[in-house]
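The values are calculated or read from the model by the stated rules, or taken from the named source; none is laboratory data. These numbers come from a predicted model, not from an experiment. Glycine gets a Cβ as well: all are built from the backbone with ideal geometry, and neighbour counts include every protein chain shown.
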Amino acid sequence: MNRSADAVAILHADAPKVMDAINAFTAQTFRTRGGRLGSGMGSLLEALWVYHMNNVLANEGGLARKCELAWLPDHEPADFACLYRGAEWEPQGRHGELFRIEAKSMNVGVDEAKGHFTNLAKETAGHDQLLVLIWSWENLENGYSWPRIHDYFLGPSLPIIEVRDQLHLARGGTFVTGSACPDGCTRKACTHDGEPLNAAGKRERRSGPKSCKPANVEYAANFGGLVRMLKTDNGAARAIFRGLRKKDDIIHAYISFIHRHFPSEEVNQFKKIEWQAALKALGINAVNPTAAAANELLRKHVSDYQDRLRSLF
Ligand SMILES: [Zn+2]
């Protein structure tokens, strides 16, 4: 019996309840005039997620009641750990932990989402999860608004890391290998193994090799953008994207989640003739529609159109 897998399943089952509870709370409490994007509200919503999840867990029976979420210290990868309630906890060796969660939030009103998921495969265990909250300011009468969570993704991190890393390579990026570190470290002393470098050889995380630091900034900061990581700009990258989507249900779920909330990303993923072919295959008539118009038609008329895109292309 795998306790980590059981605990993950409990959190997944409780997650819709938690989203409703947060929205009920914020609709009452954070009702305010105005609303800015750089408000820190996303971080607050992530914190509320932990608080409400702990409430829900404490009020259940069985294993759920034995689980609690805790904040990880700053230097640990990931934000939260799911622990055995009351157990000895030693984060460095993950003792007392069932799994970890990296939490991100995105405001759906913002074109280029700022959230980055940059955890490396070597920092991630099989049951570790990625949580992404999508929210926006919901307008009320008289210029008031409140921060509403519209949707969330909660799933294992490793498949997301796989698609992120494969598309990073397809973009001409690389990963440092300990035996050939640009800093010239000895293999034993090197801490840079697996660090991403962009196509220009510049480091993408602060912890990357010193000699790969871009001018004027600490690191390039494009790696792992929650939306950007899925972008493809050539046929080879597109083939990798589609192959991974076909192969892995989690990758498909993440792609579908991001594309649901960022329609132009979905439109750009397929060529116009592919959109038209999809319409035809799904029995929708339209005269030479643009890619965007075809996408809109599918959203409107075919509830599982993303599953159909997965199997068509
Ligand atoms: Zn090194």
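What about residue 189, is it closer than 24 Å to residue 76 by Cα, in contact (Cβ under 8 Å) with a residue 40 or more places away in the chain and either assigned by TED's automatic domain parsing to the domain that holds residue 266 or out of contact with any strand residue (DSSP E or B) (no Cβ under 6 Å at 6 or more places or on another chain) (or both)? No: the conditions fail for residue 189.
Within the range 264-278, the presence of at least one residue that is assigned to a loop (DSSP other than H, G, I, E, B) and either in contact with a helix residue (DSSP H, G or I) (Cβ under 6 Å, 6 or more places away or on another chain) or touching a residue at least 40 places away in the same chain (Cβ under 8 Å) (or both) is confirmed.
Please verify whether residue 105 is hydroxyl-bearing (Ser, Thr, Tyr) and over 17 Å from residue 250 (Cα atoms), treating the condition exactly as stated.
Working: hydroxyl-bearing (Ser, Thr, Tyr): yes; over 17 Å from residue 250 (Cα atoms): yes.
Taking the combined requirement at face value, the residue satisfies it.
Scanning the range 49-107 for residues that are basic (Lys, Arg) and more than 20 Å from the chain's Cα centre (by Cα) turns up 65, 66, 85, 94. In a residue-by-residue description of the range 115-131, the property of being surrounded by 14 or more Cβ atoms within 10 Å (Cβ to Cβ) and at pLDDT below 90 applies to at least one position.
For residue 43, all conditions in the list (1) surrounded by fewer than 14 Cβ atoms within 10 Å (Cβ to Cβ); (2) assigned to a loop (DSSP other than H, G, I, E, B); (3) not acidic (Asp, Glu) hold save one; what is the number of the exception? Failed condition: (2).
Mind counting the residues in the range 124-147 that are small (Gly, Ala, Ser) and part of a strand (DSSP E or B)?
So the count comes out to 2.
Being on the phi < 0 side of the Ramachandran plot and surrounded by 17 or more Cβ atoms within 10 Å (Cβ to Cβ) holds for only one residue in 250, 273, and it is 250.
If you check residue 150 against the conditions, is it more than 10 Å from the ligand (Cβ to nearest atom), part of a helix (DSSP H, G or I) and outside the structural domain of residue 241 (by TED's automatic domain parsing)? Outline the logic, then answer.
Details: more than 10 Å from the ligand (Cβ to nearest atom): yes; part of a helix (DSSP H, G or I): no; outside the structural domain of residue 241 (by TED's automatic domain parsing): yes.
No, not satisfied.
For the range 187-232, filtering for residues that are in contact with a Phe, Trp or Tyr (Cβ under 6 Å, 6 or more places away or on another chain) and either of a type in the set (D, E, K, R) or on the phi > 0 side of the Ramachandran plot (or both) leaves 6. Screening residue 270 against (1) within 14 Å of the ligand (Cβ to nearest atom); (2) in the same structural domain as residue 308 (by TED's automatic domain parsing); (3) among the hydrophobic types (A, V, I, L, M, F, W, C) leaves a single unmet condition, (1).
What number of residues within the range 172-227 are of a type outside the set (S, T, N, Q) and either within 30 Å of residue 110 (Cβ to Cβ) or more than 10 Å from the ligand (Cβ to nearest atom) (or both)?
Going through the range 172-227, the residues of a type outside the set (S, T, N, Q) turn out to be 172-173, 175-176, 178, 180-185, 187-190, 192-197, 199-206, 208-210, 212-215, 217-221, 223-227.
Keeping just the survivors that are either within 30 Å of residue 110 (Cβ to Cβ) or more than 10 Å from the ligand (Cβ to nearest atom) (or both) gives 172-173, 175, 188, 194-197, 199-206, 208, 212-215, 217-221, 223-227.
Final tally of qualifying residues: 31.
The set of residues in the range 40-67 that are free of Cβ contacts under 8 Å to residues at least 12 places away in the same chain and among the hydroxyl-bearing types (Ser, Thr, Tyr) contains only 51.
Against the condition surrounded by 20 or more Cβ atoms within 10 Å (Cβ to Cβ), among the polar types (S, T, N, Q) and either part of a strand (DSSP E or B) or at pLDDT below 95 (or both), how does residue 105 come out, does it pass?
Criteria met by residue 105.
For residue 282, state whether it is buried (at least 19 other Cβ atoms within 10 Å of the Cβ) and without any contact (Cβ under 8 Å) to a residue 40 or more places away in the chain. It would help to see each step written out before you state the result.
On the way: buried (at least 19 other Cβ atoms within 10 Å of the Cβ): no; without any contact (Cβ under 8 Å) to a residue 40 or more places away in the chain: yes.
No: the conditions fail for residue 282.
Selection of the range 248-262 for residues being closer than 20 Å to residue 171 by Cβ and assigned to a helix (DSSP H, G or I) yields 251, 254, 255, 258, 259.
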